[in-house]
Amino acid sequence: MTKSLLLLASVLVFGNVAIHSAFAPDLIVDMAKILLDNYCSPEKLTGMQEAIDAASSNTEILSIPDPDTLASVLTGGVQSTINDPRLVISNEPNYVPAVAPALPPLPPEQLIAVLQSSIKLEVLEGNIGYLRIDHIIGEELADKIGTLLLELVWKKILPTSALIFDLRYTSSGDLSGIPYIVSYFTDAEPLIHIDSVYDRPSDTTTEMWSMPTLLGERYGTKKSLVILTSANTKGIAEDVAYCLKNLKRATIVGEKTAGGSVKIDKIKIGDTDFYVTVPSAKSINPITGKSWEVTGVTPDVEVDAEDALAAAIKIIDLRAEIPAILEATGALVANNYAFENVGADVAEKLAAASGDYNLISSKVDLETKLSADLMTLSGDKCLKTTHNTPPLPPMNTFMGIQRATYFFINICLKRNSNPSPEMFIELIKVSFHTDLFENNIGYLRFDMFGNFEEVQAIAQIIVEHVWNKVVNTDALIVDLRNNVGGATTAIAGFCSYFFDADKQVLLDKLYDRPSGTTKELWTLPELTGARYGSKKSLIILTSRATAGAAEEFVYIMKKHGRAMIVGETTNGASHPPETFRVGESYVFLSIPTTHSDTAQGPAWEGAGVTPHIPVPADAALATAKGILNKHFAGAKK
């Protein structure tokens, strides 16, 4: 027997204090039997029969003088034993079981008045329906007054564009009303398993399913449904909210609900004045396999109850904008995405998926889902939502410092300001890293490609303070493992340093989708500073972080056989995307509009560039040095 159940058998002593009274041990036995026969979770009562047998053999007198005190002690013992705060033992000598009054046969005008006083209905601005019900009626009453409800309430709700269903004050209801309410917000077919309710006294489980036929039309599944809740939302109303939430048919806004029960019974203990309040049935949701009882229903959008209505209206207003945003997004992608066929396919599938946005509750939710859908439908992680002013990388990173350098140069160009050469020199020194290894092997690292105008303005400084340190080496390692891309406008110029001046080389062809034009990238005939040339060894280090413009450089150098690639397959990003505003909305899209030459098959976008020598990124430098040292050692023999 468990220690906690032994408490029920040995309740003669509480808190190690023994006192005398006139309550027989049968009180404990009868209470335990009630729990055993009626408590909704019998699996928690393992060992209860042994507790009953032990109590039956106990001839001592219960030791608490006051019945109310005894009831309180028993309640504490039972609740801690079974870990269920709904279990209550009370002493009520004058208790009269409540009986729900039958609806008297009222004339139509009085019945209408009763209904109008218990149901609040309003059509808000924007054709948003508002319906407040403080008691959920059951099947029997619905059959009697259903026609009136249809005329007075439902026919006014049906034409609305969205509905706010207010359950903040709903603390009572009939279990049989659940399928009625849920079914009005689902389709007729297929039938849906809504809930399962296990009834302990009968040891039966009743499955609740959506109803194939209803009085009047359904609200359906397309229009927005927002349910308002509070800490006072209790019992059957919680079940309704939980079912519709997990069917993904409604958004719950407000406070966490009370955590009540589908059915509570109050049962007299033997011939005494004591009663046990016991949950005799429990809900088991077929989707989650769990229940809202005790724990309550957690809202999708948590706000104070008094703010819930305003929050719901805001959500519905946002959802009203979504169809136009999706349509405009599809058009932008179809007209501007680099790969035309993919763009058209994304636009078509996005339009078909509009129903998936019915549960969006905030602008952040919309941007997050839209971004995920664009990336999934296109297979391109660079096609996504963005912000109009992307933040600078953090200054505590090498790439962040370099990006800040280019940003500073760009500001100077726009403002026609003339900072001192010394300032530029210091910025350049911290933006590039060079080294010289044995066998006259040079090392060059930079983590972002600058725009042509930015680079051109400081080209001479870069040559003098960076390039000249490595240009006369016998081999060069260019480290792009942390290079996240940047602009592609300076790619042709940088590539040109690794080819000879006597012959121009067609590096790549870039197709621009918005203009429908193709731009050829050629090596430049004239450069600032000396060329590295086409004869000396060149190794480029890559990682999964190598992206964008850096991938274009790696792709060109590999395609032309000018460099050996060592490291990991690159990111598979895109040429620098353009930012587009979606109509007049707050949503901005990052759309890759350019792709490399695909005449010989797919380039690097999406797939990345595969290295000649695949090694982990952190081993790439040592591998490259080993290859070059071995080459030079062999050449000396």
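The values are calculated or read from the model by the stated rules, or taken from the named source; none is laboratory data. Please read all numbers here as calculations on a predicted model, not as lab measurements. Here the Cβ positions follow ideal geometry from the backbone for every residue, glycine too, while neighbour counts run over all protein chains shown. Remember, those area values only see protein heavy atoms, side chains included, never the ligands or the DNA or RNA. Shrake-Rupley method; radii C 1.70, N 1.55, O 1.52, S 1.80 Å.
Annotations
- Coarse-grained scattering of segment 211-319 at q = 0.24 Å⁻¹, given as base-10 log I(q)/I(0) from a Debye sum over alpha-carbon atoms: -1.26
- Positive dipole terminus of segment 315-386, leading residue within 386, 330, 347 (C-beta point charges): 386
- Net charge contributed by nearby residues that have their C-beta within less than 14 Å of residue 362 (K/R +1, D/E -1): -2
- Within-11-Å neighbourhood charge of residue 95 [Cβ basis; K, R +1; D, E -1]: 0
- Note, ³J(HN,Hα) from phi for segment 506-521, Karplus 6.51, -1.76, 1.60, rounded to Hz, x at Gly and Pro: 6, 7, 6, 10, 10, 8, 9, 5, x, 8, x, 10, 10, 10, 8, 9
- Surface accessible to a 1.4 Å probe, residue 304 within the full protein complex, Å²: 80
- Rounded FRET efficiency, nearest 0.05, which uses the C-beta distance separating residue 172 from residue 94 and R0 of 25 Å: 0.65
- Average accessible surface for segment 108-252: 45 Å² per residue, computed with a 1.4 Å probe over protein heavy atoms with every protein chain in place.
- Between segment 458-508 and segment 510-541, the Cα center-to-center distance that results, in Å: 9
- Accessible-area rank, largest first, for 66, 239: 66, 239, with all protein chains present and a 1.4 angstrom probe.
- Segment 108-252 - percent of accessible surface contributed by carbon and sulfur, probe 1.4 Å: 54
- Distance violations [Cα-Cα > 27 Å] among 469/536; 369/559; 381/469; 234/266: 369/559; 381/469
- Whole-percent carbon and sulfur share, accessible surface of segment 501-637, 1.4 Å: 54
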